[in-house]
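The values are calculated or read from the model by the stated rules, or taken from the named source; none is laboratory data. Since the model is a prediction, treat every value here as computed from it, not as a measurement. Every residue, glycine among them, receives a Cβ derived from its backbone with ideal geometry; neighbour counts consider all protein chains shown. Side chains are part of the model used for accessible areas, which takes the heavy atoms of the whole protein and leaves out ligands, DNA and RNA. Shrake-Rupley method; radii C 1.70, N 1.55, O 1.52, S 1.80 Å.
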Amino acid sequence: MKSKNWSLRATLLGALLSVAALSAVAANTNGTGVPKDPGPVPFGNWVGVYKFIQPHYGPDGRYYTFTYVTVTGTTQAYCQQQIPTNGNVIVVQSCQPA
């Protein structure tokens, strides 16, 4: 009896994995089995802008000055790598094709 239960469980698990695999393939194709085209990669520079916050201490307390920095890169990843990730940065415009 135990072997029948194990066999049934194995069969159901196999069917479940097959359905999951087929749905994953269907999600990445356009119905013909061919993967979807992600579209053209934009040529040119990617541009991003961030605001660098510079805190200062004066006799009347703490105040801030801001510097806007524009970064450019040939790819989106390279453009985003140039934006610092510390607490003194506010992203004004994420990297977009110019």
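Selection over segment 58-74 of residues that are open to solvent by 70 Å² or more (accessible area, probe 1.4 Å) and under 19 Å from the mean Cα position of the chain (by Cα) gives a count of 1. Looking across P55, P35, P42, one residue alone is at pLDDT below 70, of a type outside the set (F, W, Y), open to solvent by less than 70 Å² (accessible area, probe 1.4 Å) and on the phi < 0 side of the Ramachandran plot. It is P42.
Checked against (1) open to solvent by 60 Å² or more (accessible area, probe 1.4 Å); (2) of a type in the set (S, T, N, Q); (3) at pLDDT 70 or above, S23 passes all but condition (3). Taken over segment 73-88, residues that are touching a residue at least 24 places away in the same chain (Cβ under 8 Å) and of a type outside the set (S, T, Y) amount to 8.
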